[in-house]
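Accompanying notes for the structure given below.
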Amino acid sequence: MPSSAEAVAAVADCRPLAGFEKQRCYEERLLARLHEAGVAPALALLEEVAASDVDVERDGHVYTHAIGIEAYDAGGPVAEVFGQCTTLFQSGCYHGVIQAHFIAEGATDEGLIRELCAPYESDAQRWLLFQCLHGLGHGLTMFYDHHLPRALADCDLLANDWNRESCYGGAFMENVVNATNPHHPAAELTPGSTASNGAAVGDDRGHDAHAGGHPHGGAPGGSGDAGGRPGDAAATGDPAAGLEPFEPLRPDDPHYPCSTLDDRYLRACYMMQTSVMLWQNGGDVGAAAESCGEAPERWRPTCFQSLGRDVSSRTLQEPRASLRECRKAPEAYREWCYVGLVKNFVDLTATTEDGFSFCERVEPWAKPRCYEAMGEEIGILHATEAERRAACAVSESFELEQSCLRGARVRVN
């Protein structure tokens, strides 16, 4: 239960509401707290409220985006506001700051794109680097009025594959969330109407994408790909000027936009695609698993990993329910659903206890992959080999500790 009078009042006023009205009610109280006391107290209020309202817990990432967006003072130093955020609800505050910065900046170029996250380019700050790059993908997609291929083309300007994949992930997440939840906080930063993209206004089925966690990782090809840079953007002041319209989703294709894009984008695309599938099929995890089974063979493991992330959001990380839902996936790919689950457990809090506890519950044949996934997350959380070894040491056996260390890119015995 909430411990402060402010949280009690917020829950009493907002919990009886539904849909967009409920979201707006909570946002107003959180942002009022932000303006009165700062980022940390606003995030603390959100955490209290989420403990009493399951809808807020499920969509906590959306609310942290709102806090980050509002916290950014146009023209102010990104790093100063960025440093006030926390890992609460998949670190959404960080992403909101970057989104707001891009809209306030009003222009992009290769130097800006490469330099924005440069302060975090070190092993010691790899977690923050990911949050910055993921937010960059969100911000670029918004900047180009949700023209996904154009945003991906700017992500391509980053210096290495890991940075680009992290940026792609934010772009695909923004594409899904804007299409399925047009009232999410970041939508108000863009001039275009999100209701025109085919999503039902007020439909709140799209919570999985933002609540579920983050995918890690020439111009896009295929249908709807404008490619290149708009020639008349400077003249019109509209960064999306000169681009062919882009459909964010297609109701008759559960694999779109992945089915139209260049191969280099497909890992990040399929890492978000089950949020599309679940939105289209009314939340049927088994049906989404069937759709993942129809993905190109190379990307099926990624699709099932995406399913695990979305299962985590739907079950609110309850272990037995999470196992039950992932077991709707065929055995050949079920371990990848577990991977998505445990990665999201870590993404939620930047801690590993819940992830390791879940790995202990899975079938013996799936444990090595589960522990390897934990190692991958540990490799982002911890900079030194000693820290990574210590984090993997809690594995339930020597063999599984070795799996964890391999995931963390540490020399194994």
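The values are calculated or read from the model by the stated rules, or taken from the named source; none is laboratory data. Because the structure is predicted, anything quoted here is derived from the model rather than measured. When we count neighbours, we look across all protein chains shown, and the Cβ atoms used for this are built from the backbone with ideal geometry, even at glycine. Each accessible area value is taken on the protein alone, full model and side chains, heavy atoms only, with ligands, DNA and RNA left out. Shrake-Rupley method; radii C 1.70, N 1.55, O 1.52, S 1.80 Å.
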*Please enumerate the residues belonging to the range 303-346 that are closer than 20 Å to Pro254 by Cα and not in a helix (DSSP H, G or I).*
Lys328, Ala329, Pro330
*Number of positions in the range 393-411 that are outside any helix (DSSP H, G or I) and either surrounded by 11 or more Cβ atoms within 10 Å (Cβ to Cβ) or polar (S, T, N, Q) (or both)*: 7
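Does Ala386 qualify as being part of a helix (DSSP H, G or I), among the small types (Gly, Ala, Ser) and surrounded by fewer than 17 Cβ atoms within 10 Å (Cβ to Cβ)?
On the way: part of a helix (DSSP H, G or I): yes; among the small types (Gly, Ala, Ser): yes; surrounded by fewer than 17 Cβ atoms within 10 Å (Cβ to Cβ): yes.
Yes.
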_Residue count, the range 272-298 (criterion: closer than 13 Å to Cys337 by Cα and touching a Lys or Arg at 6+ places or on another chain (Cβ under 8 Å))_ = 6
*asked:* For the structure I just gave you, tell me whether Val339 is touching a Cys at 6+ places or on another chain (Cβ under 7 Å), at pLDDT 95 or above and more than 24 Å from Cys167 (Cβ to Cβ).
replied: no
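Have a look at Gly137, Gly170 and point out the one that is in contact with a His (Cβ under 8 Å, 6 or more places away or on another chain), within 20 Å of Tyr72 (Cα to Cα) and open to solvent by less than 10 Å² (accessible area, probe 1.4 Å).
Gly170
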*Leu128 is checked against (1) out of contact with any Phe, Trp or Tyr (no Cβ under 8 Å at 6 or more places or on another chain); (2) modelled with pLDDT of 85 or more and fails just one. What number does that condition carry?*
(1)
*asked:* I'm trying to understand the selection: among the residues of the range 11-29, which are open to solvent by less than 70 Å² (accessible area, probe 1.4 Å) and touching a Ser or Thr at 6+ places or on another chain (Cβ under 9 Å)?
replied: Val11
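For the subset of the range 303-345 comprising residues that are acidic (Asp, Glu) and within 17 Å of Gly283 (Cα to Cα), which member is surrounded by the most Cβ atoms within 10 Å (Cβ to Cβ)?
Taking the candidates together, the pick is Asp310.
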*Of the residues that sit in the range 362-383 and are touching a helix residue (DSSP H, G or I) at 6+ places or on another chain (Cβ under 6 Å) and not in a helix (DSSP H, G or I), which one is most open to solvent (accessible area, probe 1.4 Å)?*
His382
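Given the options Ala321, Ala350, name the one that is among the hydrophobic types (A, V, I, L, M, F, W, C) and under 21 Å from Met173 (Cβ atoms). Please lay out each step first, then the result.
Values: Ala321 fails: under 21 Å from Met173 (Cβ atoms).
Among Ala321, Ala350, only Ala350 is among the hydrophobic types (A, V, I, L, M, F, W, C) and under 21 Å from Met173 (Cβ atoms).
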*Are there any pairs with C-beta distances below 6 angstrom linking a residue in the range 12-29 that is at pLDDT below 90 to a residue that is open to solvent by 20 Å² or more (accessible area, probe 1.4 Å), with the two at least 6 apart or on different chains, and if so which?*
Gly19/Gly202; Gly19/Asp204; Phe20/His183; Phe20/Gly202
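Condition first: charged (D, E, K, R) and either buried (at least 20 other Cβ atoms within 10 Å of the Cβ) or over 23 Å from Phe130 (Cβ atoms) (or both). Now tell me which residues in the range 71-88 satisfy that. Explain how you work it out, then say what you get.
Within the range 71-88, the subset charged (D, E, K, R) is 73, 80.
Within the range 71-88, just Asp73 meets the criteria.
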*Residue that is farthest from Leu316 (Cα to Cα) [pool: residues in the range 44-63 that are open to solvent by less than 10 Å² (accessible area, probe 1.4 Å), modelled with pLDDT of 90 or more and not β-branched (Val, Ile, Thr)]*: Leu45
*Pick from Gly227, Gly231, Gly221, Gly213: which is at pLDDT below 95 and buried (at least 19 other Cβ atoms within 10 Å of the Cβ)?*
Gly213
*Wholly within the range 104-185, which helices (runs of 4 or more DSSP H) include no fewer than the required count, namely at least 3 residues that are hydrophobic (A, V, I, L, M, F, W, C)?*
126-143, 148-155, 161-180
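One line per residue, one yes/no per condition, for (1) modelled with pLDDT of 85 or more; (2) of a type in the set (Val, Ile, Thr); (3) in contact with a helix residue (DSSP H, G or I) (Cβ under 8 Å, 6 or more places away or on another chain); (4) farther than 23 Å from Arg33 by Cα:
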position	(1), (2), (3), (4)
His65	yes, no, yes, no
Pro77	no, no, no, no
Val81	yes, yes, yes, no
Gly111	yes, no, no, yes
Leu116	yes, no, yes, yes
_Qualifying residues in the range 83-109 (those that are of a type in the set (S, T, N, Q) and either under 18 Å from Gly137 (Cβ atoms) or modelled with pLDDT of 85 or more (or both)) - the one farthest from the chain's Cα centre (by Cα)_ = Thr108
